[in-house]
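*Asks:* This structure is in structure tokens; I'll ask about it shortly.
The values are calculated or read from the model by the stated rules, or taken from the named source; none is laboratory data. A quick note: this is a predicted structure, and the numbers were derived from the prediction, not measured. Reconstructed Cβ throughout: ideal geometry from the backbone, glycine too, with neighbour counts over all protein chains shown. Ligands, DNA and RNA are stripped out before the accessible areas are found, and what is left, the full protein with its side chains, is counted by its heavy atoms. Shrake-Rupley method; radii C 1.70, N 1.55, O 1.52, S 1.80 Å.
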Amino acid sequence: MRISARADYAVRAALQLAASRDDEPLKTEAIADAQDIPHKFLEGILNDMRRGGLVVSRRGGNGGYRLARPAESISIADVIRVVEGPLVSVRGVRPPDLSYTGAAESLLPLWVALRSNVREILEGVSLADVAAAELPSGVSELASAPDAWTNP
């Protein structure tokens, strides 16, 4: 699975908003500077997140962005879906819409299992979890496996 720069930036921006201690909106520039995200790129991402109902914006001198709902109720999957679409697809098609024949027939259940595992992890972790550095135990266990980042 590949996490695009757009998805990475969106999650980081959402985490910056989740970590904000007050309910005041954060300016795009402040988020971009804090997370080292190109400002213009972030503007488009925040607009997508606004249209997707994850953030709200306010114009003016005291304007900016804030989360539309509590960080506990927004999963990492929610953020990625808003800016990228489905979490797992094959050639742009969701696994349930694929079909294979012959020797490749059992490939479909593999893609469905992959999609299920990705969803389980990304839907099971909220912005609040990551912002507080309190990942669910199952995620922490997977991340701490000695070969987690080792390429075969």
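*Asks:* Within a Cβ distance under 12 Å of LEU17, other residues only, what is the Lys/Arg minus Asp/Glu net charge? Can you show the working numbers first?
*Replies:* Details: positive: ARG12, ARG21, LYS27, ARG50, ARG66, ARG69; negative: ASP22, ASP23, GLU24.
The answer is +3.
*Asks:* For GLY124, which sequence-distant residues (separation of 5 or more, or a different chain) have an amide H within less than 5 Å of its own amide H, given hydrogens modelled in the peptide plane?
*Replies:* For GLY124, whose amide H was placed from the backbone, there are no distant partners under 5 Å.
*Asks:* While we're here: Along the charge dipole of the chain, which of PRO136, GLY61, VAL112 sits closest to the positive end, that is, farthest toward it, with unit charges on the beta carbon of Lys, Arg, Asp and Glu (+1, +1, -1, -1)?
*Replies:* With unit charges placed on the Cβ atoms, the residue in question is GLY61.
*Asks:* Evaluate the relative contact order of the chain (contact order divided by residue number), counting alpha-carbon pairs under 8 angstrom at least 6 apart; express in whole percent.
*Replies:* Rounded, it is 24 percent for the chain.
*Asks:* When only the heavy atoms of the protein chains count and the probe is 1.4 Å, how do ARG115, ARG81 rank by accessible area, highest first? Mind dumping the intermediate values first?
*Replies:* On the way: ARG115 55, ARG81 80 Å².
Ranked list, largest accessible area first: ARG81, ARG115.
*Asks:* Further question on the same structure: Select one label from (1) 14.6, 44; (2) 17.6, 63; (3) 30.3, 86: the one whose number is Rg and Dmax of the Cα atoms in Å as derived from the coordinates shown.
*Replies:* (2)
*Asks:* Can I ask one more? Under a Cβ-only charge scheme (Lys and Arg +1, Asp and Glu -1), can you give me the dipole magnitude of segment 46-122 about the Cα centre, in debye to the nearest 20?
*Replies:* With only Lys, Arg, Asp and Glu charged at Cβ, the dipole is about 480 debye.
*Asks:* Let's see if you can work this out: charge +1 on each Lys and Arg Cβ, -1 on each Asp and Glu Cβ, no other charges. What is the dipole magnitude of segment 89-129 about its Cα centre, in debye to the nearest 20?
*Replies:* My answer is approximately 160 debye.
*Asks:* Along segment 124-137, what does the Karplus equation 6.51 cos²θ - 1.76 cosθ + 1.60 (θ = phi - 60°) give for ³J(HN,Hα), rounded to whole Hz, x for Gly and Pro?
*Replies:* Values, residue by residue: x, 10, 9, 4, 4, 4, 5, 4, 8, 6, 10, 5, x, 4 Hz.
*Asks:* Dipole magnitude of segment 1-67 about its Cα centre, charges +1 at Lys/Arg Cβ and -1 at Asp/Glu Cβ only, in debye to the nearest 20?
*Replies:* Working: 11 positive and 9 negative charges, 52 e Å.
It works out to roughly 240 debye.
*Asks:* Helix-derived [θ] at 222 nm for the chain: sum -39500 (n - 2.57) over DSSP H runs of at least 4, divide by residue count, nearest 500?
*Replies:* Working: 7 runs with 75 residues, N = 152.
One gets -15000 deg cm²/dmol as the mean residue ellipticity at 222 nm.
*Asks:* A follow-up question, please. Local charge sum around ALA32 (other residues, Cβ-Cβ under 13 Å, Lys/Arg +1, Asp/Glu -1)? Intermediate values should be presented prior to the final figure.
*Replies:* Working: positive: ARG12, LYS27, LYS40; negative: GLU29, ASP33, ASP36, GLU43.
In short, -1.
*Asks:* From the Cα gyration tensor of segment 13-68, with a ≥ b ≥ c the square roots of its eigenvalues, which class applies: rounded if a/c is under 1.5, or else prolate if a/b is larger than b/c, or else oblate?
*Replies:* On the way: a/c = 1.25, a/b = 1.08, b/c = 1.17.
Taking the square roots of the gyration eigenvalues as a ≥ b ≥ c, segment 13-68 is rounded.
*Asks:* Using amide H atoms built 1.01 Å from N in the peptide plane, name the residues 5+ places from VAL55, or on other chains, whose amide H lies under 5 Å from its own.
*Replies:* HN-HN under 5 Å from VAL55: ARG50, ALA68.
*Asks:* OK, next. Projecting each Cα onto the charge dipole of segment 32-87 (Lys/Arg +1, Asp/Glu -1 at the beta carbon, about the Cα centre), which of MET49, LEU87, ALA77 comes out farthest on the positive side?
*Replies:* MET49
*Asks:* For VAL112, VAL79, give me the order by solvent-accessible area with a 1.4 Å probe, most accessible first, ignoring ligands, DNA and RNA. Let's see the in-between values first.
*Replies:* Numbers: VAL112 65, VAL79 0 Å².
The residues order as VAL112, VAL79, largest area first.
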